[in-house]
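Readers should treat all values here as calculations from the given coordinates under stated rules, not as data from a laboratory. Fair warning: this is a prediction, and the values are worked out from it, not measured in the lab. Every residue, glycine as well, gets a Cβ built from its backbone with ideal geometry; the counts of neighbours run over all protein chains shown.
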Amino acid sequence: MISKLFKRQEQIIKAVGVVGLWILATAYVIHIYVRPFSFALLDSFIHTLFIIGGFVLLENVFRFYVPRSANLWLAFILPLFLTAIVLFLGSFGLQLLLDETEAYLEFIDQSYALRGLLILILFASWGILLWMDGQLEDQLKTRQREAMIQQMTKDAELSLLRQKLQPHFLFNSLNSISALVKNNPDQARQMVIQLSDFLRGTIQKDDRKWLKMEEEVAFLNLFLDIEMIRFGHRLQVIFNLDEEAVALRLPQLMIQPLLENALKHGLYGLTGEVIIKLDISKAGSFLEIRISNPFDPQAGKVKGAGFGLQAVKRRLYLLFGRNDLLICTAEKDVFTVTLKIPQTYDPDSNH
Amino acid sequence: MIRILIIDDEPLARQLVLEYLEDYSEFHVIKECQDGFEGLKAIQEHEPDLVFLDVQMPKINGFEMLELIDNPPAVIFTTAFDEFALKAFDAHAIDYLLKPFSKERFSKALDKFCQMEKKPWQLQEMLKLDAARGQNTDRVVVKVRNEIKIIPFQQIKYLEANDDYVNLYTSEGKFLKNKTLRFFETVLDSDLFVRVHRSYIVKVNEINKIEPYEKEGYLIKLKTGESIPVSKTGLPRLKAVLGY
């Protein structure tokens, strides 16, 4: 607090004024008991100087070490210790300056207890003030830092979860294009454009900006078109979008990872024809997406699968603070995931 | 003439290999297959000289298919991305083609095949590597007469060494697999399966009780009644997993 004072000139003047007044006031009180006034002034001046010194010392100690509540006694021991030093230095200084003036020295001896008490109260109050100030600042900083760290980890995690693109999809699609180039150049070019548009849809944007349903549907169709070029001979997708759901919005890349997961398990878990169903509808205040794929209950699951589901689940938790928005059910040989998006999005705000 | 088989679940991927092969009159494609089941059948029926084999395929992958063949043919793998497999390829395969691959790269693979044809074939060695498979699955594929059976690890009750093979016991019976017990010890979850004997690995959940047997010996009784011996080195391992 004292160090803060030195930053602004008018405050220094004020502080010097206050100290001057204090010296005069205490000198006046002393002079009631013992004369002459000049001695009282000297007494007051010397002690005040030492007390200010003690204040500076205390503040510096507290700046580097703020006692936790467990060892708060330090905040009281220190003022006691300082009081003793000031008393000793004060009387020693006065004895040096006022040798031979016995009446005054006698007064000093008599007033030890009172002086001590007064100085102790001053130091103790100062100590408590500093401690409270430190605590407040500490708490404020910790809270700010915690909030910042939370936001940063949340953002990082969200972008990581969104950008986990399946390399298989990308490289196999490129291989398909390579195969098409010679025999069917037009379709090759079309697939290059579809793949580019799809990739563009997987990057960019933050989670606070929600997509319109038509944008999402266009994006999903790009993905499905590419998969149909690769697997059209055995893949059939039944896509049903309810009219009520057309006006709704959703965060980007929520459905596609689930769809990709369904395609993967259907196409790689089984041989022969695979039918995937995708239903988008409105259910109360939720957007509901239901995706089902056939699977082989006899075969062991392939490790690493289910990452797509986990990532979506985690994102839902980070965005909505809820764990019940993604539900998986396996019935006989059909696996179904149901995704619910609360329609809390307000296009006018940033959140 | 060199007789070739192409196994890949994507028609366009097969088409590309066919197209690249057009310029080589000595290579003749005898058949195309779209999954491991068709592939297995075709290999046994036609005994091709060279197979182009995709890794990620429906139901069983390329490695799992090869494991089921006693005398596998020469193989060039075609794959999009498989970091486990890549290590194995480097060491033992004729070659591997990372999709998408160029015609030049494809020609190099064919050259390699022509040069290596006389050398001893190392595919079996490759398949023994943990890296080739096992690390990223939790199942095993076996052949029962002419059927292919996929056994998830969780269905295995216990395993028994049988020369160069392993007997897998599930509730459906006994299955023979051309792997060592040592291999299974490394790929099975060590919290669920314990090697209790030189010749046995047991699933902990299947244990009913452990009885003293002869002098200082122990015998595991399974819930389904079978008895399995515990060796001196197996006992502390068993205790560690059971936590006493």
Could you tell me which of the pairs B:K177/B:K215; A:K313/B:K203; B:K99/B:K157; A:K277/B:K103; B:K41/B:K112; B:K108/B:K179 are separated by over 29 angstrom between their Cα atoms in the structure shown? B:K177/B:K215; A:K313/B:K203; B:K99/B:K157; A:K277/B:K103; B:K108/B:K179
Neighbour counts of other C-beta atoms within 10 Å: give me A:K313, B:K174 arranged from fewest to most. B:K174, A:K313
Which residues among the stretch A:21-65 fall inside the zone where the amide N is under 12 Å from a point 7 Å beyond the Cα of A:L74, along Cα→Cβ? A:61-65
Degrees, to the nearest 10: A:307-320 long Cα axis against longest axis of chain A: 50 degrees
The stretch A:231-337 - Kirkwood radius from inverse mean 1/r over Cα pairs (Å): 14.8 Å
Provide Rg and Dmax in Å for the protein assembly as shown, with only Cα atoms included in the calculation. 40.3, 129
Assigned charges on the beta-carbon of Lys, Arg, Asp, Glu; the protein assembly as shown dipole about Cα centre (debye): 860 debye
Placing unit charges on C-beta atoms (Lys and Arg positive, Asp and Glu negative, everything else neutral), compute the dipole magnitude of chain B about its Cα centre in debye, rounded to 20. 1240 debye
FRET efficiency for A:A15 and A:L136 from the Cβ-Cβ distance with R0 = 22 Å, rounded to 0.05, comes out at 0.50
At 1.306 mPa s and 10 °C, Stokes D of the stretch A:181-299 from Kirkwood alpha-carbon radius, µm² per second: 102 µm²/s
Fewest to most Cβ atoms within 10 Å: A:W131, A:W210 sort as A:W131, A:W210
The protein assembly as shown - mean residue ellipticity at 222 nm from DSSP helices (-39,500 (n - 2.57) per run, n ≥ 4, rounded to 500): -16500 deg cm²/dmol
Among A:G269, B:P212, B:N146, whose Cα lies farthest out toward the positive end of the dipole of the protein assembly as shown, if unit charges sit on the beta carbon of Lys, Arg (+1) and Asp, Glu (-1)? B:P212
Quick one: pull the percentage of alpha-carbon pairs in chain B with a separation above 34 Å. 28 percent
Which entries of A:K154/A:K209; B:K149/B:K239; A:K332/B:K223; A:K212/A:K332 have Cα-Cα distances beyond 23 Å here? B:K149/B:K239; A:K332/B:K223; A:K212/A:K332
Aspartates and glutamates near B:K232 by alpha-carbon distance under 19 Å, same-chain residues fewer than 8 away left out - which ones? B:E160, B:E185, B:E211, B:E214, B:E216
